[in-house]
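Some notes on the structure that comes next.
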Amino acid sequence: MLDMVKQWFWYDWIMLALRLMTSVSLILTTISFQEGLTLPLWSVIFWEIAAFSIPWVCLLLNYKYYLFTEILLFGGLCIHLTSLFPDAYPSFLVSAFLIAANSAHLSYRWTGPATVFLIPGILHAVAPSNSYWVIVTYYGLAYVMGFAFHLLIVNHRQNETIRKQNAVLEQYMSQIERITLAEERNRLSRELHDTVGHAYTSIIMGMETLRSELATETGIQRLDSLLELSRNSIEEVRSYLHQMESPQQSLSLVQSLQRLGEEFQEHAQVVVNFRAFGEECQLSRQAKIAFIRCLQESLTNAVRHGQATEITVSLQFEQQYTRLEVQDNGIGMEEWREGFGMNAMKERAMNLQGQVSVYTKPGDGTLVACTLPRQADIAEELIRLLIVDDQPFIRESLRTLLDRYQDLNVAGLAEDGEQAVDLCGRLQPHVVLMDLDMPRMDGAEAAKMIKQQWPHIRVLIFTTFQDTEQALDLLRNGADGFLLKSAAPLELANTIRLIHRGGTLIGQGMSHKIFEKLDESIESPQSKAAADYDLTAREIEILQLVAKGLRYKTIASKLYLSDGTVRNYASSAYIKLGVRNKEEAVQKALEIGIIVS
């Protein structure tokens, strides 16, 4: 109850002051005229205290409870006093004002007649000396003034809600702009690193291989000069890349999340408590951005949808994982509905082999938990690698990059699939880093043979990969991961560690194409009929669920869509099929083969 009082506005205190002054003055007047009372003085004062306190407590719980208790207790008290003292009928004027001010929705239909006509009728019956229409006029004016005060309250609440929503949206847009800018800087940084940096590395490794072929001292000096120039140039490129990094990237994860919480607290006017447990570890950029995005979305949802006033953020660093929990004291909900922001948050976590969970219950707020596995270096275990690529510069560059890590050892290099299979039999590497487009035997066939003969050897496809059919075929035949050659060295090293420990990883860019292909394969049996009627995949999916007898609300829950969105898809499908209702749509879909009975 104290928490509710803390959230009061000026109009709540005005109404409490009116009630308090009315009750105090009534008690003092009763004491002055105690000789005319038919009941003991203490019982009348107790009645007056109850008529003040009980409706006020009920108002904090539900306005309907207040209306009933106010009319029964204070109205009954006024009727009793008027029967003894006819001039006591004005004591109910403040109650008439408060009843109108706190009524809402359809309650006006019965509080108005009861306050303006019924109670004056009873007062006139117990004290005929009072004019009925005079009392009706007084009470009517008080009720009208209370209704005007109610309109003022509603207007203030709406303005306050709009102001809070605008503050949240401004803070949300600011964070989106900041994260978008950081991601764009990261993208440009990676692009330059993967193109210019890779080219310089290839040039340096290529010149190193020429050293033994140069016989003259002059040629060796020129080669050393070129190598020095290349190394200086790549260091200069690296310095430019570091300058491109956003200032927020220099902050630790704890500092970034704490700053985000403080900024949100300042703009949204909610209490954000931040706690960190365990020893902070170094995380990749993608993991850091995923946690920042998760916290941003959770804070916004807590205020916009949960109406929370206090949010607790907990960041836990465990040995195997890092976990972010966002708990609010909002209203919660019976059924969680995921929007675009939550889906994007889950996609980020899934790309990092993590997960996002949401727990909510009406009246108990909402808990959002984001868990990402830690990909720390394992110094005590040496991972043997076999690099397979038909480009010599690529092989040597990868060897140079990966040999920098103490737990990674490039045990062999292969220039095609046949050589890779042969080296796997002799070297027994832990992880094979496999290109796809190679002469004699390509990477796809080599990967299949390796997994058939040595299932314990992990195969990571590392390529510029575009063929989704080949990707699906490799997935079915045991490939353990896919990564584009544009990946940063740290991301490549972490992926190798993850694959070695038994995990599976598909790069984000590649996963989108693979899942699009899977969607197409799902749609293919009905593709001809769907094309004839210009039906989308989502419309076909909804028709299939409608055919099973599911209601729109159930379909919306199943597909994580809103009820209105499902209805729009269904209406669009009905129009394209030329039908008027569900039954006709199901019959038509069965006839043309879109769904199977």
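Throughout, read-outs are computed from the coordinates displayed, never taken from laboratory work. What you see is a predicted model; the values in this text were computed from it and never measured. When we count neighbours, we look across all protein chains shown, and the Cβ atoms used for this are built from the backbone with ideal geometry, even at glycine.
Order of 389, 437 from fewest to most other C-beta atoms within 10 Å?
437, 389
Could you go through segment 393-399 in sequence order and give the Karplus-derived ³J(HN,Hα) for each residue, using 6.51 cos²θ - 1.76 cosθ + 1.60 with θ = phi - 60°, rounded to whole Hz, and x for Gly and Pro?
Once rounded to whole Hz, the list reads 4, 5, 4, 5, 5, 5, 4.
What whole-number value in cubic angstrom gives the convex hull volume per residue for the C-alpha atoms of segment 251-373?
Considering the Cα atoms of segment 251-373, their hull volume per residue is 92 Å³.
Under 5 Å between amide H atoms, partner at least 5 residues away or on a different chain: which partners does residue 414 have, H built in plane at 1.01 Å?
Here the answer is 387, 388, 389, since their amide H atoms fall under 5 Å of that of residue 414.
For residue 457, enumerate residues with amide H under 5 Å from its amide H, sequence gap 5+ or separate chain, H modeled in the peptide plane.
none
Ranking 393, 462 by Cβ neighbours within 10 Å, fewest first, what do you get?
393, 462
Kindly write out, for segment 273-289 in residue order, the coupling ³J(HN,Hα) from the Karplus curve 6.51 cos²θ - 1.76 cosθ + 1.60 (θ = phi - 60°), rounded to whole Hz, with x marking Gly and Pro.
Rounded to whole hertz, the list is 9, 10, 9, 10, 10, x, 8, 5, 10, 7, 10, 6, 4, 4, 5, 4, 5.
Can you give me the Cα centroid spacing of segment 117-165 and segment 533-549 in angstrom?
Cα centroid to Cα centroid, the span is 54 Å.
I'd like the distance between the alpha-carbon centres of segment 4-74 and segment 284-317, rounded to an integer number of Å.
Cα centroid of segment 4-74 versus Cα centroid of segment 284-317: 44 Å apart.
Under a 5 Å amide H to amide H cut-off, with H placed in plane at 1.01 Å, what residues pair with residue 594 once short-range neighbours are removed?
Under 5 Å from the amide H of residue 594 lies no amide H from a residue far enough along the sequence or on another chain.
Would you work out the relative contact order for segment 251-373, in percent, from Cα pairs under 8 angstrom that are 6 or more residues apart?
Computed value for segment 251-373: 24 percent relative contact order.
What pairs in 448/558; 164/576; 64/548; 361/548; 448/485 have C-alpha atoms more than 31 Å from each other?
Among 448/558; 164/576; 64/548; 361/548; 448/485, the Cα-Cα distance tops 31 Å for 448/558; 164/576; 64/548.
Apply the Karplus curve 6.51 cos²θ - 1.76 cosθ + 1.60, θ = phi - 60°, to the phi angles in segment 77-82 and return the couplings in whole Hz, x for Gly and Pro.
4, 5, 5, 5, 5, 5
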